Amino acid sequence: MPDSLSRREALQALGAGAFLFAGAPVRIHPAEDGTFTVYTGKVELGQGSRTELTQAVAEELRVPVARIRLVMGDTGLCPDDGGTYSSLTTPLNVPAIRQAAADYRGGPLTPPSDWKILGTPVSNVRGRDIVTGAYPYPTDLHVDEMLHARVVRAPHYRATLVSLDGPAAGGIIHTGDLIAAMAADPVSAARLAGNVKTQWSPLAFPVNPSDHAALAAWFKANSTPPPENIQPGAKYPPLTRRGDAAKALSAADHRRSSHFWLPYIAHTPMEPRAALAIWKDGAVEIHSGTQTPFPSRAEVAKALDLPESKVRIIAINPGGGFGGKHRADCEIEAARLARIAGKPVKVAWTREEEFTCSYHRPAGLVEIESSVGAHGKLDAWVHRNYNSGAPGLPTPYDTPNVSCEFHRTPAPVRQGPYRSLAAVANVFARESHIDDWAAATRTDPWEFRMHNLTDARLRAVLEELREDKPGQGPSGMACTIEKDARIALRAEVEIEGGTLRLKRFVFVGEYGAIVNPLNLRNQVTGALIMGIGGALFEEVRFDVTTQRTRRLADYRVPRFADIPEIEVHLIDRRDLPSAGAGESAITMTAPAIANAVFAATGQRFTRLPFRIDKLPGKSG
Amino acid sequence: MKLNVNGRAMSAPAPEETSLLVFLRDFLHLTGTKYGCGEGSCGACTVLIDGRETRSCLVKAASVANQRITTIEGIGGGHLHPVQQAFLDVEAFQCGFCTPGMIVASTALLAGNPAPTRTQVRDRLQGHICRCGAYPRIVEAVLLASRVVRHA
């Protein structure tokens with residue numbers, strides 16, 4: 001990004017309010033009515049980026065929020081601010097937009113201590129459209145002459161086409177690996193697709209993804225250890241080493257070893273994905289709910305053998321993403337079909353397609369071996385993650401001998417990003433293992449953690465957690481440092497008649513300078529709740545050739561009755577940079593629940609989702 | 001096919017098997033009612049039929065030709081319904097995709113029970129999924145709307 005001087009020069013050279021840099025798109029554009037249009041490549045998915053970025057501009061331009069209009073995620077108009085993932089909008093994009101707006105104003109950046117709009121509970125700027133049903137989602141798009149497409153798919157996860165017997169009538173396109181019916185309305189398109197008779201030869205999975213023991217063994221047998229020389233400053237280093245963990249372990253008197261397992265799970269956004277493709281003069285414009293408009297542009301260009309200049313992606317706020325809307329599958333289908341049809345084509349996946357044609361959160365195996373020395377201090381820590389990923393690997397605890405490793409493996413099914421990705425696996429494993437150490441050393445779990453932590457910010461979070469007085473009954477806790485935030489959760493549970501009930505969650509989080517407390521509470525609460533699904537219910541099931549999870553009725557997600565009373569305490573540190581917050585709280589739910597069940601019953605859950613039916617009839 | 005939607009007669013030619021959901025969305029272009037699952041498991045497609053909360057994905061449009069259909073677009077009658085206002089005040093949404101169904105169902109809930117308890121709200125909305133997990137605020141919004149309606 002150019003520095004502020006060149007921005008000023010550009011402004012003076014233009015003699016107008018618009019910023020145009022050599023090759024760089026406009027960021028802030030004033031209108032005569034006193035409003036400002038601001039361009040960002042980021043996307044709104046429900047995580048509140050539109051409102052936060054609006055606040056950032058309003059703060060620095062010294063104008064009310066109502067005078068800012070954001071254009072988001074349009075590759076034809078917006079700068080490439082990177083994809084919308086990894087909770088990067090708050091730590092990276094808010095500062096960039098603040099700086100651009102401060103430069104536009106021609107003054108210094110407003111320090112957080114002087115914030116008047118940032119740091120305040122500004123309501124969702126599109127809230128009125130959401131409650132009236134006027135807010136447009138990708139599936140709502142409609143243009144004149146538009147055709148609705150229904151793709152004909154194999155019933156198996158992977159298959160090759162053996163025969164195709166289409167109806168004599170038109171409306172069926174068969175191009176390469178894509179078969180689709182198209183009509184002016186979706187009912188007719190579905191009817192046409194239903195009349196296409198196909199035979200497929202299924203390809204078996206290399207290992208049944210639902211056979212967890214076999215899959216874990218397959219992951220290990222096919223894994224590659226992390227490279228020894230890791231780039232310093234890597235965002236998710238696949239290897240963190242200090243001391244000599246192997247030597248310290250072999251010399252230790254008190255060792256523990258445990259294994260943890262997570263299955264494939266589905267993002268299950270409320271809105272299945274959809275894309276509308278419109279061709280004009282050899283170029284295609286695609287409206288979709290992608291989280292990654294710029295990488296999707298490259299994917300579409302490659303798939304259709306076009307230069308990127310002939311592809312424009314216009315991201316429309318989707319009904320949920322959670323890491324599931326990164327890849328341009330639906331966009332490519334719409335673009336291919338529209339090119340052949342010569343008309344705009346909308347592809348809106350059914351719920352079954354959303355389950356079976358999207359990628360999943362990786363399954364994973366985590367192994368931890370550790371030792372505790374004299375005085376109850378962790379001495380060695382070896383943490384190996386197979387397949388699920390590196391996020392959340394580095395331990396926040398003070399341990400002199402550490403080896404935290406991500407071992408890459410091939411995967412039997414398509415897998416990809418998910419809210420917090422592997423931090424869910426790694427934090428679940430670490431915080432469960434830590435809890436076992438607390439029990440083994442007859443130490444209170446809170447005391448054990450404090451005894452092994454020097455990070456002042458995380459200690460402050462744990463101190464705040466202890467201020468809350470738990471209710472009667474068993475509870476468990478978890479904490480971590482994730483995406484530069486410090487977070488902790490205590491879960492209070494009730495176990496009766498073999499059933500587990502979540503009674504109360506108390507969460508404490510410190511995310512540096514809070515950008516919008518109203519939105520932050522919403523995000524944290526939602527992430528904790530999403531974590532209940534992964535902890536208690538969610539698993540995508542397969543057999544040897546087919547994904548069996550195909551309907552929402554087959555896939556339990558959290559509902560009203562599952563939700564405990566949730567208290568969220570936020571520590572606002574205006575002296576620290578703002579940390580991303582849309583994801584990390586999801587990592588706390590499973591270990592805090594597991595540790596509460598352990599406190600209640602002595603039973604240690606090591607696999608997600610927890611098998612509640614295995615609980616004893618009465619709690620101790 | 002001709003239906004009474006939000007107090008207006010609305011018609012469009014549609015195949016006989018068209019569901020009420022698809023008729024509203026793709027034939028009448030009333031897109032506030034959402035498709036989430038197509039099997040009545042998520043509640044995103046909820047509308048009122050003669051005041052009764054109904055999953056529009058499970059009903060054929062042709063079967064409700066003589067009934068009054070109310071969608072999110074008509075729920076406030078040109079203004080914000082107190083439930084809509086409460087969802088806005090509490091910010092009881094994130095992505096907002098489940099919100100129309102939640103709001104429509106909540107208006108039916110309050111019409112039948114103007115002073116529900118927290119548990120009654122949760123029980124009644126149990127068939128609705130909010131994948132973003134705005135559940136606690138949704139309950140707060142319905143309770144707020146209930147107080148507003150009773151004191152109006």
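The values are calculated or read from the model by the stated rules, or taken from the named source; none is laboratory data. All values derive from a computational prediction rather than experimental measurement. Here Cβ is always computed from backbone atoms with ideal geometry, including for glycine, and neighbour counts include all displayed protein chains.
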Looking at (1) in contact with a Gly (Cβ under 6 Å, 6 or more places away or on another chain); (2) facing chain A (nearest Cβ under 9 Å); (3) in contact (Cβ under 8 Å) with a residue 24 or more places away in the chain, which one does residue B:101 not meet, given that it meets all the others? (2)
With in contact (Cβ under 8 Å) with a residue 40 or more places away in the chain and within 14 Å of chain B (Cβ to nearest Cβ) as the only criterion, which of A:118, A:61, A:45, A:109 stands out? A:45
Every residue in the range B:58-84 that is surrounded by fewer than 23 Cβ atoms within 10 Å (Cβ to Cβ) and among the hydrophobic types (A, V, I, L, M, F, W, C), please. B:58, B:59, B:62, B:64, B:65, B:80
Taking the range A:272-329 and keeping only residues that are charged (D, E, K, R) and free of Cβ contacts under 8 Å to residues at least 24 places away in the same chain, one is left with A:280, A:281, A:302, A:305, A:308
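On the given criteria, is residue A:144 modelled with pLDDT of 95 or more, assigned by TED's automatic domain parsing to the domain that holds residue A:343, surrounded by fewer than 19 Cβ atoms within 10 Å (Cβ to Cβ) and under 30 Å from residue B:15 (Cβ atoms)?
yes
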In this structure, is residue B:15 closer than 17 Å to residue B:138 by Cα and within 11 Å of another protein chain (Cβ to nearest Cβ)? no
Identify the residue in the range B:34-86 that is among the β-branched types (Val, Ile, Thr) and assigned to a loop (DSSP other than H, G, I, E, B) and, among all such residues, is farthest from the other protein chains (Cβ to nearest Cβ). B:59
Number of positions in the range B:118-141 that are of a type in the set (Lys, Arg) and more than 8 Å from every other protein chain (Cβ to nearest Cβ): 2
Determine which member of the set B:92, B:115 is away from chain A (no Cβ under 12 Å) and either in contact with a His (Cβ under 8 Å, 6 or more places away or on another chain) or of a type in the set (Gly, Ala, Ser) (or both). B:115
Go through the range A:517-541 and count every residue that is facing chain B (nearest Cβ under 9 Å) and either over 17 Å from residue B:135 (Cα atoms) or of a type in the set (S, T, N, Q) (or both). 4
For residue A:50: the one exception among (1) within 14 Å of chain B (Cβ to nearest Cβ); (2) surrounded by fewer than 20 Cβ atoms within 10 Å (Cβ to Cβ); (3) in contact with a strand residue (DSSP E or B) (Cβ under 9 Å, 6 or more places away or on another chain); (4) under 30 Å from residue B:86 (Cα atoms): (2)
In the range A:542-558, is there at least one residue being within 9 Å of chain B (Cβ to nearest Cβ), of a type outside the set (Ser, Thr, Tyr), within 20 Å of residue A:421 (Cβ to Cβ) and not in a helix (DSSP H, G or I)? yes
Pairs under 6 Å by beta carbon, first residue among the charged types (D, E, K, R) in the range A:355-369, partner surrounded by fewer than 22 Cβ atoms within 10 Å (Cβ to Cβ) and in a strand (DSSP E or B), six or more apart or different chains? A:367/A:259; A:367/A:384; A:369/A:257; A:369/A:382
Could you tell me which of the residues A:601, A:589 is under 28 Å from residue A:496 (Cβ atoms), among the polar types (S, T, N, Q) and surrounded by fewer than 24 Cβ atoms within 10 Å (Cβ to Cβ)? A:601
Can you confirm whether the range A:382-394 contains a residue that is crowded, with 24+ Cβ neighbours inside 10 Å, among the β-branched types (Val, Ile, Thr) and either free of Cβ contacts under 8 Å to residues at least 24 places away in the same chain or not in a loop (DSSP other than H, G, I, E, B) (or both)? no
Within the range A:559-594, residues modelled with pLDDT of 95 or more, in a loop (DSSP other than H, G, I, E, B) and in contact with a Leu (Cβ under 8 Å, 6 or more places away or on another chain) come out as A:563, A:564, A:585
Pairs, first at pLDDT 95 or above in the range A:197-222, second among the basic types (Lys, Arg), C-beta under 6 Å, six or more apart: A:203/A:158; A:210/A:541
